[in-house]
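Below is one structure, written out as structure tokens, with a few remarks after it.
The values are calculated or read from the model by the stated rules, or taken from the named source; none is laboratory data. Owing to the predicted nature of the structure, the values given are computational and were not obtained by experimental measurement. Reconstructed Cβ throughout: ideal geometry from the backbone, glycine too, with neighbour counts over all protein chains shown.
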Amino acid sequence: MIVFIRLVASSLPLIALPALVAETAVITGITDVGPAMFLFAIAGALLLTLVFRSTANHIVSIVTSKIGIMRIRRALDLRSPDVLHDFILPGAYGGLTKIDHAILTAGGILCIQTKHYSGIIFGAEDEPQWTNVDGTIRRRFLNPLIQNAGRTRALQNVVPDVPVANVVVFTGAVDFPTAPPKNVIRVGNLDSYIAKFVFGPSKVKDWDAAWLTVKGAALTDEATRKDLQAQIA
């Protein structure tokens, strides 16, 4: 559906080309539209198509991200009351780091990073960068497992005795040409994935206290968010 909307939006100038030529003829009083006028109309339509396509892709990307965030929040909130979204912790190696989502399960905590892409995802567990191909768009992005490893370590530092797992969730309509790494899943599989996830042995006796420690360490105030933005910039 998103792909169809993007295609229609980006093609509007070409769809409107006949009307554009006819309107030009009415305005100029020329009923016999010559080759030069027709070529001019085509060039204008192609230029507008490029502008529309860029704008449409940007808008669709924003909408897809918003829908993806809502989907994963809903899935996690339905799964457990012990969930934190979009919070900041002291970085494992200094500075600050932002964690997309964390959920307490029966055997430990899942530190989740979300990626909002559609199309085909190419990437192996040990590759520094992965590739997304979405129609004619091709983009490279940092391996999300590597990116989330530091965030997982930061969370682990808060509760050293609690097992913490690095998990990446894709929220768009993505396909993997080969089997993705075991901790990389689609949002539609999130609930069953959490239910089946197995942690290693744990020394934790009081899970409620462990989760309270995480909640106490989580930073969500505006000043900290500004500090993080300054660090990124």
Requested in this report: Filter segment 170-218 down to residues that are loosely packed, with under 15 Cβ neighbours inside 10 Å and of a type in the set (Lys, Arg) and give me whichever is farthest from Ala154 (Cα to Cα).
Outcome: Lys196
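This table checks each residue for (1) of a type in the set (D, E, K, R); (2) farther than 25 Å from Ile120 by Cα; (3) assigned by TED's automatic domain parsing to the domain that holds Leu104.
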{"site": "Asn166", "(1), (2), (3)": "no, no, yes"}
{"site": "Arg186", "(1), (2), (3)": "yes, no, yes"}
{"site": "Ile194", "(1), (2), (3)": "no, no, yes"}
{"site": "Gly200", "(1), (2), (3)": "no, yes, yes"}
{"site": "Asp206", "(1), (2), (3)": "yes, yes, yes"}
Query - Selection status of Pro144, at pLDDT 95 or above and surrounded by 17 or more Cβ atoms within 10 Å (Cβ to Cβ) - result: yes
**Report entry** Criterion violated by Asp161 - all others in (1) touching a strand residue (DSSP E or B) at 6+ places or on another chain (Cβ under 6 Å); (2) assigned to a loop (DSSP other than H, G, I, E, B); (3) not β-branched (Val, Ile, Thr) satisfied
**Finding:** (1)
Report task. Would you mind stating whether Val167 is surrounded by 21 or more Cβ atoms within 10 Å (Cβ to Cβ) and in contact (Cβ under 8 Å) with a residue 24 or more places away in the chain? Result -> yes
Report task. Please verify whether segment 195-214 includes one or more residues that are in contact with a strand residue (DSSP E or B) (Cβ under 7 Å, 6 or more places away or on another chain) and in a strand (DSSP E or B). Result -> no
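Just to check your reading of the model, which residue among Ile99, Ile88, Ile69 is surrounded by 13 or more Cβ atoms within 10 Å (Cβ to Cβ), modelled with pLDDT under 95, in contact with a strand residue (DSSP E or B) (Cβ under 9 Å, 6 or more places away or on another chain) and under 25 Å from Asp227 (Cβ atoms)?
On inspection, the qualifying residue turns out to be Ile69.
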Query raised in the report: Pairs under 7 Å by beta carbon, first residue of a type outside the set (A, V, I, L, M, F, W, C) in segment 197-219, partner in a helix (DSSP H, G or I), six or more apart or different chains?
Result: Thr213/Val158
